[in-house]
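The values are calculated or read from the model by the stated rules, or taken from the named source; none is laboratory data. Note that the structure is a prediction, hence the values are computed from the model and not measured. Cβ sites come from the backbone with ideal geometry, for glycine too, and all protein chains shown count toward neighbours. All accessible areas refer to the heavy atoms of the entire protein, side chains included, with ligands and DNA or RNA removed. Shrake-Rupley method; radii C 1.70, N 1.55, O 1.52, S 1.80 Å.
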Amino acid sequence: QVQLVESGGGLVQPGGSLRLSCLVTGSIYSVIGLRWYRQSPGKQREFVAGIDEAGTTNYEESLKGRFTISKTDLNDRADLQMNNLKPEDTGMYYCNIQTRRDGHPSSYWGQGTQVTVPP
């Protein structure tokens, strides 16, 4: 079974940095993409950053320039470098992987890691 485990969250002061890591295990036949999302209480989960099999990245526009997503060639780890953090970046950050096997797509989520940036 595919399993994702996030790590690297914590408390950081405004302007600080964190590097989140998503470790992927299990049988992956074809990776469509790896993504990071975040969610704050009372808000919907929102897209943060994504990277596809070829390494093409995309970001939530407001985060572009501060956040950088990367992955290993084997798709067994996806990192999110977060710089110049702001209080509005506070939330639970989730890793997601979209896969395809025999034409059937699947999506898997990690349990999340908390990021807190106080005012």
Restricting to segment 73-106, name every residue that is modelled with pLDDT of 95 or more and either at positive phi or hydroxyl-bearing (Ser, Thr, Tyr) (or both).
84, 90, 91, 93, 94
Just checking, how many residues over segment 26-50 are closer than 17 Å to residue 99 by Cβ, open to solvent by 30 Å² or more (accessible area, probe 1.4 Å) and at pLDDT 95 or above?
2
State the number of residues belonging to segment 16-25 that are assigned to a loop (DSSP other than H, G, I, E, B) and either at pLDDT below 95 or open to solvent by 50 Å² or more (accessible area, probe 1.4 Å) (or both).
1
Qualifying positions in segment 58-101 - among the charged types (D, E, K, R), open to solvent by 40 Å² or more (accessible area, probe 1.4 Å), free of Cβ contacts under 8 Å to residues at least 24 places away in the same chain and part of a loop (DSSP other than H, G, I, E, B)
60, 73
Among (1) surrounded by 15 or more Cβ atoms within 10 Å (Cβ to Cβ); (2) at pLDDT 95 or above; (3) assigned to a loop (DSSP other than H, G, I, E, B); (4) not β-branched (Val, Ile, Thr), where does residue 13 come up short?
(1)
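Might you check whether a residue that is of a type in the set (A, V, I, L, M), in contact (Cβ under 8 Å) with a residue 40 or more places away in the chain and touching a Ser or Thr at 6+ places or on another chain (Cβ under 6 Å) occurs anywhere in segment 2-13? If you could, list the steps in order and put the result at the bottom.
Just the residues of segment 2-13 that are of a type in the set (A, V, I, L, M), to begin with: 2, 4-5, 11-12.
In the following step, the residues that additionally are in contact (Cβ under 8 Å) with a residue 40 or more places away in the chain were identified as 2, 4-5, 11-12.
Narrowing further to those that are touching a Ser or Thr at 6+ places or on another chain (Cβ under 6 Å): 11.
Yes; the residues of segment 2-13 include at least one that is of a type in the set (A, V, I, L, M), in contact (Cβ under 8 Å) with a residue 40 or more places away in the chain and touching a Ser or Thr at 6+ places or on another chain (Cβ under 6 Å).
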